[in-house]
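Heads up, the thing below is written out as C-alpha cells.
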Amino acid sequence: MAIQSLQSGGKSSSAEQYAEIVQLVGNLTHELKNPLSTIRLNVELLAEELRESNSPRDSRALKKIERVQEECERLQKILDNFLCFARAHRLNLQPSDFSGEVGRILDFYRPKAREAGIEIIDFLAPDLPTVLLDRDAFRSVLLNLIFNAEQAMPRGGQLVVRTYGTPDGVALDLIDSGCGMDEETRTKAFSAFFSTKHGGSGLGLSIARRIIEGHGGQISLQSELGRGTQVTITLPVLPRLPADGNPLALAADKIERSGES
C-alpha cells in the first residue's frame, strides 16, 4: 500500500522515492547480514566444542545449538532472497533468442529431471521475434519455476514447456502434472513472504514477478488441486528499427514507462 500511494504522485517523483526505498531496504539487509554472520560463526565454534564432549548435559546443549544453527540458516536465506527482491528492478537487457534461452536452461536441468523421474516435453517454437532479456535474471526465474514444479511432483511426472508467438510478443507455458494448488493458495502465490514450504522465505515467486515485470512482461498462474499447475510468462518483442531512433533505447524506455504506470 505504501508503494501504491507513492505511485499516485508524479512518475519521476515516484521512481525516485521507490529507488530510495529499495536502497534503504538493501542497506538494512546488509546491516543485518553482518551480525548474523558473526552469530553463525560463533554458534558453529560452540557446536564443535560440544560435539567433542560425551556429557549428557553437553549433548542436550548441542541439540539446542543445532536448532539455533537451523534458524540462522533460514534467516540467511530470507535475507539473501530479500536482497534479490530489492534488486530485481536492475536489469541488463540484451537482444535475445527466446526459445534458444529456454532451451539452454532446459538442457541444464535435464540430468536433474532424470534423477527426479520427470519427463520434459518441450515445444519450442523456432524463429520467434527477438526479445530483450536479462539472461541471468531470466534464467533464475525459469529455474525457480522448474524447481517449484519438481517439488510438486515428488514421485515424478511430466513437465511440458512450450514457447510461441502472441499478437504483442512471445510467451512461455510451463505445465506440470503435480499436486496443484487450491484457490486460496493460488491467489496468494505471488504475495511476498507467503509460502507453503517448511522454512521457505515466500519470496521466490514475488522475485520472479518483479523480474518479469521489469522486462515489460507478465506472469500468471493457473492451478487446480490434484491436476497440476500452469505458469505463463509473456514478454514484448524488440521493435523493428525505426527511421529516426535506436530500437534498444526505445524498447528500454517503453519497458521502463510500463513499469511506472
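The values are calculated or read from the model by the stated rules, or taken from the named source; none is laboratory data. Treat the numbers as computed from the prediction; the structure is a model and nothing was measured. Virtual Cβ from ideal backbone geometry, glycine too; neighbours counted across all protein chains shown.
Assorted remarks:
- Hits in region 78-104 - residues which are buried (at least 16 other Cβ atoms within 10 Å of the Cβ), at pLDDT 80 or above and among the small types (G, A, S): S96, S99
Residue by residue, here is whether (1) at pLDDT 95 or above; (2) surrounded by fewer than 16 Cβ atoms within 10 Å (Cβ to Cβ); (3) within 17 Å of the chain's Cα centre (by Cα) holds:
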{"residue": "L128", "(1), (2), (3)": "no, no, no"}
{"residue": "D136", "(1), (2), (3)": "no, yes, yes"}
{"residue": "Q151", "(1), (2), (3)": "no, yes, yes"}
{"residue": "Q158", "(1), (2), (3)": "no, yes, no"}
{"residue": "G169", "(1), (2), (3)": "no, no, no"}
{"residue": "D182", "(1), (2), (3)": "no, yes, no"}
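- Looking at I233, I219, I212, I207, just one residue is under 20 Å from the mean Cα position of the chain (by Cα), at pLDDT below 85 and not in a loop (DSSP other than H, G, I, E, B), and that residue is I207.
- Options S14, S37; residue that is in a helix (DSSP H, G or I), at pLDDT 75 or above, closer than 27 Å to I207 by Cβ and among the hydroxyl-bearing types (S, T, Y): S37
- Residue in region 50-67 that is more than 30 Å from G217 (Cα to Cα), touching a residue at least 60 places away in the same chain (Cβ under 8 Å) and part of a helix (DSSP H, G or I) present: no
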